[in-house]
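The values are calculated or read from the model by the stated rules, or taken from the named source; none is laboratory data. Remember, predicted model here, so these are calculated numbers, not experimental data. Virtual Cβ from ideal backbone geometry, glycine too; neighbours counted across all protein chains shown.
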Amino acid sequence: MARLKSLANLDALRKAILAERDPDKPCITICAGTGCQASGCEIVALAFEEELKKNGVEAKIDLKKTGCHGFCEQGPLVVIYPQEICYTKVKASDVTEIVSQSILDDKITDRLLYADPMTKEKINRESDIPFYKNQKRLIFGDNSKVDPKNIADYIALGGYSALAKALFEMTPEEVVEEVKKSGLRGRGGGGFPTGRKWEECRNAAGDIKYVIVNADEGDPGAYMDRSILEGNPHSVLEGLIIGAYAIGATIGYIYVRQEYPLAVENVGIAIKQAEEYGFIGQNILGSGFDFTVKVHRGAGAFISGESSALMTALEGQVGEPKPKHIHTVIKGVWDRPSALNNVETWANIPLIINKTADWFASIGTEGSKGTKIFSLVGKVNNTGLVEVPMGTTLREIIYDIGGGILKGKKFKAVQTGGPSGGCIPEKFLDTKIDYDELTKLGSMMGSGGMIVMDEDSCMVDVARYFTDFLCDESCGKCLPCREGLRRMREILTDITEGKGTEEDLGLLEELAPVIADTALCALGQTAPNPVMSTLRYFRDEYEAHIREKRCPAYQCKALTSYYIDPTKCKACMICLRNCPVEAISGGKNQVHVIDQGKCTKCGTCFDVCPTKFGAVTRISGEPVPAPPPERERELVRTE
Ligand SMILES: Cc1cc2nc3c(=O)[nH]c(=O)nc-3n(C[C@H](O)[C@H](O)[C@H](O)COP(=O)(O)O)c2cc1C
Ligand code: FES
């Protein structure tokens, strides 16, 4: 493909791509995101290829591998257009049936449709599945329509028209103004207004400026950025080029974690194709604007996602944060003005330019505009990536989209904002999500992690778990974070092991604000959130651990025991056979007994004991009843 040398060339190219495509031609799309790859989509795709050939219809049907659709737990996902029939958990062995029914005939393979867990109703179309129906997928929607390795798919959907508009119809200052007016705030954590950041960088002194994509995404369980980069890399690239034009940068970096091989691969292909077509390089589309992009693979430390640490890593040094007396928009990479934005922030830019700032600002709340993608995980029925307008309530996400709590259990808390977010209790489920509302509750938007916890989660243990993670990830450069988090972890560990004292709560309450106020970077400044929020909303759980040596959720091993109620045991042998450490004794006619010395408190016996017997019992805060003496263990069967 020859480089496009003018705006007219781009229009002609789009028309040519569309002219070649028959909108009525059936298309089988197979999700090839990392989630579906893990569940075997590649062999499903191969099976489709062979089956279409076997039936001699390969020329009449398009076969496309797309990016992540978001509902990864149902993968591999296959969607057939134009009817939009969505098949879930597809295996290679299902392909012959799908082709004969839905391609060669006009039927639907019922057993592969998604069934609503509540109503059991089977749903044909992907967009009618409640998980998708209640979302507004402005950023993520095209993931299921484009082959990320084929730039023509992106162009066919109007891709790079925002870049053309910015280059030929707007001055750089007007682009900055439009982004400011849109109210877009950074999606990577801090929620800083993007337009203001660009303006400061544009106005900063210096001929060489950089624009950077932050695709480090170190939050455990979060994969929004990975899925955008893997599934629709051109949307991020287009935003980046527009940003570079607005700011006056000629070099861009995409900082992506090495552990995201598919994102690295797809973004590399996208850059190459964009260069070939003339969207990157010298004299872009004949506008006179020059811009190049390089990919930098991160070495996988959570702290490297922090802005100054990331820039230090880009320079080839160890990724450690620096004090920000001077902002990175003035003195960033190699001391030059640098504008760093999150993947999702960049992906919003083409939309704002194409659809206008007013349109964008009409979505969301007073202080938070547009949509936000969340990684919904934990104890919900539907886990996956969820894009909703700002202002959607936590309840809507967890119940309408997430399908409620797994196994009908009781909701306990939702942690938003990644490992240093806070845990929000049930009474705030109707909170409208926006940057400021979440901060008021002691949590934060962060980059969009959302972990749902049920009645079986111990909130003291949750605080210990995240403090432990942050303690390990602290770079150790500043004392409050390095030593303060260690002390917090020690105190929390003591409490979960039944060694906590009343003074410990006071100590945690004293330590947490000191770390938050004095740490060098936002890792330490936000790290006390899990502790502070659980102390605020679940203090009774801390008190039960300290005063009664009891874990109300039966999660803290040192405070929990399992025993078999001899009056309920039917000697069915199930617990005995499943115990991984052979701690259970008994026979076919003998009630079973757990050897407390051998038991590792893994809870397997409790999970496998048939509900109708309910013989295995969890206890906490009280002594384990003595088992019946050997001679009284014989079971008298009445049935
Ligand atoms: C410990 C730590 C890790 C971070 N990790 C990321 C990350 O992985 N991705 C990201 O976009 N921002 C991350 N941030 C936020 C960045 O410092 C920065 O605010 C953001 O990239 C700016 O882009 P935005 O304005 O578009 O959000 C992290 C911050 C901290 C303190
Ligand atoms: S990877 Fe296929 S739905 Fe996410």
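Taken over region 281-317, the criterion of being without any contact (Cβ under 8 Å) to a residue 12 or more places away in the chain and within 16 Å of ligand 1 (Cβ to nearest atom) is satisfied by Thr312 alone.
Among residues of region 392-421 that are acidic (Asp, Glu), those with a Cβ under 8 angstrom from a residue that is in a helix (DSSP H, G or I), sequence gap 6+ or separate chain, pair up as Asp400/Pro130. Out of the residues in region 25-58 meeting the condition of being in a helix (DSSP H, G or I), among the hydrophobic types (A, V, I, L, M, F, W, C) and within 16 Å of ligand 2 (Cβ to nearest atom), tell me which one is farthest from Gly231 (Cα to Cα). Restricting to residues being in a helix (DSSP H, G or I), among the hydrophobic types (A, V, I, L, M, F, W, C) and within 16 Å of ligand 2 (Cβ to nearest atom), the top hit is Phe48.
Just for strands (runs of 3 or more DSSP E) wholly inside region 59-110: which have at least 2 residues that are aromatic (Phe, Trp, Tyr)?
Details: elements: 62-66, 78-81, 85-87.
Here the list is empty.
Of all the listed residues (Ala516, Ala583, Ala558, Ala512), the sole one being touching a strand residue (DSSP E or B) at 6+ places or on another chain (Cβ under 9 Å), at pLDDT 95 or above and among the aliphatic types (A, V, I, L, M) is Ala583. Residues that are within 30 Å of Ala463 (Cα to Cα), in contact with a Ser or Thr (Cβ under 8 Å, 6 or more places away or on another chain) and not in a loop (DSSP other than H, G, I, E, B) do not occur anywhere in region 573-593. For region 333-352, check the following and say yes or no: at least one residue is among the hydroxyl-bearing types (Ser, Thr, Tyr) and either assigned to a loop (DSSP other than H, G, I, E, B) or more than 16 Å from ligand 1 (Cβ to nearest atom) (or both). The answer is no; no qualifying residue exists.
Got at least one residue in region 68-79 being more than 16 Å from ligand 1 (Cβ to nearest atom), surrounded by fewer than 18 Cβ atoms within 10 Å (Cβ to Cβ) and free of Cβ contacts under 8 Å to residues at least 60 places away in the same chain? So far as region 68-79 goes, no, none of its residues is more than 16 Å from ligand 1 (Cβ to nearest atom), surrounded by fewer than 18 Cβ atoms within 10 Å (Cβ to Cβ) and free of Cβ contacts under 8 Å to residues at least 60 places away in the same chain. Can you confirm whether Lys432 is out of contact with any Asp or Glu (no Cβ under 7 Å at 6 or more places or on another chain), without any contact (Cβ under 8 Å) to a residue 12 or more places away in the chain and surrounded by fewer than 24 Cβ atoms within 10 Å (Cβ to Cβ)? No; evaluated as a whole, the condition is false for this residue.
Tallying residues that are touching a Lys or Arg at 6+ places or on another chain (Cβ under 6 Å) and not polar (S, T, N, Q) within region 615-638 yields 2. Scanning for something modelled with pLDDT under 95, in a loop (DSSP other than H, G, I, E, B) and farther than 28 Å from Leu138 by Cα, does region 301-314 turn up at least one residue? Yes - at least one qualifying residue is present in region 301-314. Here is the figure for region 58-82: residues that are hydroxyl-bearing (Ser, Thr, Tyr) and touching a helix residue (DSSP H, G or I) at 6+ places or on another chain (Cβ under 9 Å) total 1. Remark: Gly403 falls outside the filter, which requires a residue to be in a loop (DSSP other than H, G, I, E, B), at pLDDT 95 or above, surrounded by fewer than 24 Cβ atoms within 10 Å (Cβ to Cβ) and not charged (D, E, K, R). Cys72: within 15 Å of ligand 2 (Cβ to nearest atom), within 30 Å of Ala270 (Cβ to Cβ) and touching a Lys or Arg at 6+ places or on another chain (Cβ under 9 Å), yes or no? So Cys72 does not fit the description; no. Using the structure shown, decide if Phe302 is within 18 Å of Gly188 (Cα to Cα) and of a type in the set (A, V, I, L, M, F, W, C). In short, yes.
Let's see how each residue does on (1) buried (at least 19 other Cβ atoms within 10 Å of the Cβ); (2) in a helix (DSSP H, G or I); (3) within 15 Å of ligand 1 (Cβ to nearest atom):
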position	(1), (2), (3)
Glu173	no, yes, no
Gly188	yes, no, yes
Gly191	yes, no, yes
Glu200	no, yes, yes
Ala205	no, no, no
Ile208	no, no, no
Ile241	yes, yes, no
Tyr245	yes, yes, no
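Taking the criterion of being in a helix (DSSP H, G or I) and either touching a residue at least 12 places away in the same chain (Cβ under 8 Å) or within 18 Å of the chain's Cα centre (by Cα) (or both), the residues of region 438-464 that qualify are Leu438, Met459, Val460, Asp461, Val462, Ala463, Arg464.
Just checking, does region 3-12 include any residue being crowded, with 21+ Cβ neighbours inside 10 Å and without any contact (Cβ under 8 Å) to a residue 24 or more places away in the chain? Outline the logic, then answer.
Narrowing region 3-12 to residues crowded, with 21+ Cβ neighbours inside 10 Å: 4, 10.
Filter once more, keeping what is without any contact (Cβ under 8 Å) to a residue 24 or more places away in the chain: none.
Checking region 3-12: not a single residue is crowded, with 21+ Cβ neighbours inside 10 Å and without any contact (Cβ under 8 Å) to a residue 24 or more places away in the chain.
Any residue in region 330-349 that is of a type in the set (Val, Ile, Thr) and closer than 21 Å to Phe428 by Cβ? For region 330-349, residues of a type in the set (Val, Ile, Thr) and closer than 21 Å to Phe428 by Cβ: absent.
Only residues that are of a type in the set (A, V, I, L, M, F, W, C), more than 30 Å from Ser585 (Cβ to Cβ) and assigned to a helix (DSSP H, G or I) were counted across region 533-565, and they come to 3.
Taking every residue in region 88-107 that is buried (at least 18 other Cβ atoms within 10 Å of the Cβ) and pairing it with any residue that is assigned to a loop (DSSP other than H, G, I, E, B) and of a type in the set (Phe, Trp, Tyr), at least 6 positions away or on another chain, the pairs with Cβ-Cβ distances below 8 Å are Thr88/Phe71.
Check region 156-166 and report whether any residue there is assigned to a loop (DSSP other than H, G, I, E, B), without any contact (Cβ under 8 Å) to a residue 24 or more places away in the chain and away from ligand 2 (no atom under 16 Å from the Cβ). Among the residues of region 156-166, at least one is assigned to a loop (DSSP other than H, G, I, E, B), without any contact (Cβ under 8 Å) to a residue 24 or more places away in the chain and away from ligand 2 (no atom under 16 Å from the Cβ), which makes the answer yes.
In region 518-537, the residues that are more than 14 Å from Leu479 (Cβ to Cβ) form Cβ pairs under 6 Å with partners that are away from ligand 1 (no atom under 15 Å from the Cβ) and in a helix (DSSP H, G or I), at six or more places apart or across chains, as follows: Pro528/Ala512; Pro530/Ala463; Val531/Ala463; Val531/Leu508; Val531/Ala512; Met532/Ala512; Thr534/Met459; Thr534/Ala463. For Ala16, the conditions (1) assigned to a loop (DSSP other than H, G, I, E, B); (2) within 20 Å of Ile151 (Cβ to Cβ) are fulfilled apart from (1).
A quick yes/no check of all residues on (1) aliphatic (A, V, I, L, M); (2) farther than 15 Å from Thr526 by Cβ:
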| residue | (1), (2) |
| --- | --- |
| Gly421 | no, no |
| Ile433 | yes, yes |
| Leu441 | yes, no |
| Phe469 | no, no |
| Cys475 | no, no |
